[in-house]
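These notes concern the structure reproduced below.
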Amino acid sequence: MNTTTNPVHDLREFAREIRLQVLRMVNRGGSSHVGSALSIVDILAVLYGRVLHIDPTQPRMPERDRFFLSKGHAGAAVYATLALRGFFPLEKLAGHGQDGADLSGHISHKGIPGVELSTGSLGHALPVACGMAYGARLDGRGHRHVVLLSDGECDEGSNWEAALFAAHHQLANVVAIVDYNKLQSLGSVNDTLRLEPFADKWRSFGWLVREVDGHDHDLLKQALTTPADEADKPLVVLAHTVKGKGVSYMENSVAWHYRTPRGEDFDRAIAELEQAA
Amino acid sequence: MKGVFVETLLQLAEQDPQLIVLTADLGYGMFEPFVERFPRQYLNVGVAEQNMMGVAAGLALDGRTVFTYSIANFPTLRCLEQIRNDVCYHGANVKVVAIGAGFSYGALGFSHHATEDLGILRSLPEMTVLSPGDDWEAGACTKAAAEHAGPCYLRLDKGSVAGVRQSDEPFAIGRARRLREGSDATLVATGSILPVALDAAERLARGGIECRVLSMPTIKPLDVDALADAAQDTGGIFTVEEHTIDGGLGGAVAENLLERGAAPRVFHRFGLRGGFATLVGSQAYLRKAYQLDAESIAQEVPARLAPRRPRLSIAA
């Protein structure tokens with residue numbers, strides 16, 4: 001799963017640039033879910049910088065790995081990643097959430113090279129990825145199907161239908177990553193609808209489970225690329241993350257699921273990220 | 001229509017190795033010949049319709065023609081958002097098949113009465129809605145769905161419905177079939193209640209009222225030309241469907257004719273009024289109980305066609 005072209009030399013720098021773009025997009029678009037987007041930036045940086053077999057010049061290349069953002073509300077982070085990776089011009093990001101633009105708050109594939117699936121309602125991408133993975137195996141094609149889910153999204157029963165399906169059909173070409181930041185829309189996961197023992201749940205469904213720090217690029221890469229001992233199982237990576245990661249006052253805050261950084265808030269966020277270089 | 005559906009599917013699967021059938025654990029005694037011949041083109045996903053529809057979208061987005069199968073409302077309403085978002089928004093080549101149109105499973109109770117599906121499915125962008133009226137139309141619709149690139153909904157009756165006209169007439173999505181001539185009124189029917197409409201037309205003829213009968217195996221896109229002709233040439237339009245009067249065939253006909261400026265002189269929707277069907281029973285029994293039988297229709301039409309009283313003028 002080496003990338004065909006790989007302009008990403010420094011993953012930390014790549015992640016920092018994604019964060020900066022996300023903040024500018026959310027600020028301009030007056031949109032929300034900035035905390036959810038920042039939470040997955042390091043995962044995206046590793047996927048698009050080191051893991052996924054993709055070619056920005058051929059976004060529909062048949063043998064590409066398929067990436068699906070199931071938590072579609074964090075679309076800004078994927079748009080920024082794709083643009084920085086060269087799938088489309090960076091200038092396009094300026095349209096995010098603007099009147100008449102195609103970069104919607106929740107991720108859409110229409111007119112946006114590199115997006116496999118439009119989501120926004122939760123619990124949709126894992127079943128679709130499983131279907132694609134089943135078809136790929138029927139055809140003897142070896143690419144992988146990587147789905148990024150939120151933790152709150154695991155409340156949706158459709159994910160567990162798909163979890164049964166993937167294990168039953170031994171879809172080792174499916175990788176689920178859960179952005180486990182422990183916060184959902186109105187409060188903590190523990191207070192809302194408990195997922196723990198979360199790893200055990202996946203394991204009992206027949207998945208191979210790996211748990212990592214979702215902001216540690218080396219560990220993420222290792223978790224996503226180390227061949228499995230049990231080659232007939234789908235893989236889930238529980239990525240322990242911090243919602244709002246990278247902007248101090250957004251970290252672990254439910255409020256920044258909805259708020260738009262403006263004025264001083266925005267300036268401070270940009271300053272923090274620029275200093276992080 | 002089950003039989004003709006599976007027979008047609010066998011032919012289609014033979015022609016197209018990229019065709020695959022998904023079932024949500026229903027179709028007992030139905031898919032065995034298919035599985036035997038095309039094991040790689042069949043998959044029982046279990047009792048999980050949301051996942052089935054997502055899997056279908058995934059298979060279709062990478063180039064397959066996918067038929068999803070279940071009964072009554074399970075393959076449609078249970079996973080409606082997957083149909084809307086994953087299938088329709090992506091233009092995925094998925095054919096949603098529901099056996100058990102209307103009161104096909106009448107005795108099984110309200111959960112198994114598929115009586116709102118046409119209205120709901122036809123409101124989805126990109127969706128083609130097929131509702132055959134007899135076995136011949138069912139076979140033709142199945143074939144047409146496979147050949148049509150994009151999402152289709154195929155609503156089939158559980159039982160066999162003898163061909164109203166066995167012939168080699170061409171079938172096309174979006175075309176009405178004119179099965180009887182008459183100028184006093186037009187009965188427009190969709191689904192397996194078609195023979196009831198034809199029976200009603202025969203009864204009306206005995207009383208001197210000659211009806212044109214249109215079968216509408218396609219609800220979307222609707223054959224508005226055939227309907228506008230009927231509105232112009234005949235004394236009124238009566239829609240007949242085993243479905244709520246809201247939003248199905250009757251709704252589609254009314255919307256399209258009014259917008260075309262071709263309002264019929266008389267218009268009435270035969271369908272379910274007044275909420276859920278709480279009675280159970282055979283399809284024939286329930287049709288009679290809810291005034292959707294030939295006798296009830298033949299009684300109602302003349303009353304509606306009778307010259308209307310002049311509109312009262314309201315004094316200022």
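No lab work stands behind these numbers, since they all come straight from the coordinates. Every value quoted in this text rests on a predicted model; they were computed, and no experiment measured them. Because the Cβ atoms are built from the backbone with ideal geometry, glycine has one as well, and the counts that use them run over all protein chains shown.
For helix B:2-15, what angle does its Cα long axis make with the longest principal axis of chain B, in degrees from 0 to 90 and rounded to 10? Approximately 50 degrees, to the nearest 10. Residue exposure proxy: B:PHE34, B:PHE5, B:PHE238, B:PHE276, ordered by other Cβ atoms within 10 angstrom of their Cβ from fewest to most, comes out as B:PHE276, B:PHE34, B:PHE5, B:PHE238. Of all lysines in the structure, the ones whose alpha carbon falls short of 27 Å from that of B:LYS2, not counting any fewer than 8 places away in one chain, are B:LYS95, B:LYS143, B:LYS158, B:LYS220, B:LYS288.
In this simple spin-label model, placing a label point 7 Å from the Cα along the Cα-to-Cβ direction at both A:GLU272 and B:GLU14 gives a separation of 6.7 nm. If the reach is capped at under 16 angstrom between alpha carbons, list the lysines near A:LYS71, excluding any in the same chain fewer than eight residues apart. Candidates past the 8-residue exclusion: A:LYS182, A:LYS243. Residues within the reach of a label modelled at B:LEU258 (point 7 angstrom out along Cα to beta-carbon, backbone nitrogen below 15 Å), restricted to segment B:107-136: there are none. For the peptide B:87-94, the mean number of other protein chain Cβ atoms found within 10 angstrom of a residue's Cβ is 2. Note on B:GLU36 and A:LEU90: the model spin-label points, each 7 Å out from Cα along the C-beta direction, lie 6.5 nm apart.
Packing, as the average of other Cβ atoms within 10 Å across residues, places the peptides B:71-78, A:266-273, B:192-199, A:77-84 in the order A:77-84, B:192-199, B:71-78, A:266-273, highest first. On the principal axes of its alpha-carbon atoms, chain B has extents of 69, 40, 39 Å, going from largest to smallest. Overall, the protein assembly as shown carries a charge dipole of about 900 debye about its Cα centre when +1 sits on the Cβ of Lys and Arg and -1 on the Cβ of Asp and Glu, all other atoms neutral. Structure remark: mean-square fluctuation, Gaussian network model of chain A, C-alpha springs under 10 Å; the largest value among A:PRO113, A:PRO227, A:PRO56 belongs to A:PRO227. Taking amide H as placed 1.01 Å from N in the peptide plane, B:PHE67 has its amide H under 5 Å from the amide H of B:ILE20, B:VAL21, B:LEU22, B:LYS95, each at least 5 places away in sequence or on another chain.
State the extension gain, in nm to one decimal, for the chain segment bounded by A:GLU264 and A:ARG194, taking 0.36 nm per residue of separation less the distance between their alpha-carbons. Please list the in-between numbers first.
On the way: separation 70, 0.36 × 70 = 25.20 nm, distance 3.59 nm.
Between A:GLU264 and A:ARG194, full extension yields 21.6 nm more.
Note on the protein assembly as shown: dipole from Cβ charges, positive end direction compared against A:THR260, B:LEU222, A:LEU52; the farthest Cα belongs to B:LEU222. Take each residue in A:156-162, count the other chain C-beta atoms within 10 Å of its C-beta, and the mean is 5.
Helix A:11-29 axis versus longest C-alpha principal axis of chain A: approximately 60°, rounded to the nearest ten.
Extending 7 Å from Cα along the Cβ direction at A:ASP55 and again at A:ALA255 yields two label points whose distance is 4.9 nm. Packing-based ranking of B:91-101, A:184-194, A:37-47 yields A:37-47, B:91-101, A:184-194, ordered from highest to lowest mean Cβ neighbour count within 10 Å. For the residues of A:132-139, the average number of beta carbons from a partner chain within 10 Å of their own beta carbon is 6. The alpha carbons of segment A:11-275 occupy a box of 51, 44, 32 Å along the principal axes, longest dimension given first. The local environment of B:PHE276, defined by Cβ-Cβ distances under 15 Å, has a net charge of -3 under the rule Lys, Arg +1 and Asp, Glu -1.
Using only Cα atoms, what is the ratio of the radius of gyration of segment A:1-119 to 2.2 N^0.38 Å? Ratio of Cα Rg to 2.2 N^0.38 Å: 0.96. Just to confirm the number: angle between the C-alpha axis of helix A:263-275 and the first principal axis of chain A, 0 to 90 degrees, nearest 10? In chain A, helix A:263-275 runs at an angle near 60 degrees to the longest axis. Place a point 7 Å from Cα of B:ALA172 in the direction of its Cβ. Which residues in segment B:119-145 have their backbone N less than 11 Å from it? It comes to no residues whatsoever. What the pair-distance distribution of segment A:157-271 shows, using all Cα-Cα distances binned every 5 Å from zero, is 2, 11, 18, 18, 16, 14, 10, 6, 4, 1, 0 percent.
Local charge for B:GLU147 was computed over the other residues whose Cβ lies under 11 Å away, with Lys and Arg +1 and Asp and Glu -1, and equals +1.
For the protein assembly as shown, take the alpha-carbon Rg, divide it by the Kirkwood Rh, and send me Rg/Rh. List each step's numbers first, then the result.
Details: Rg = 27.7 Å, Rh = 26.2 Å.
My calculation of the ratio gives 1.06.
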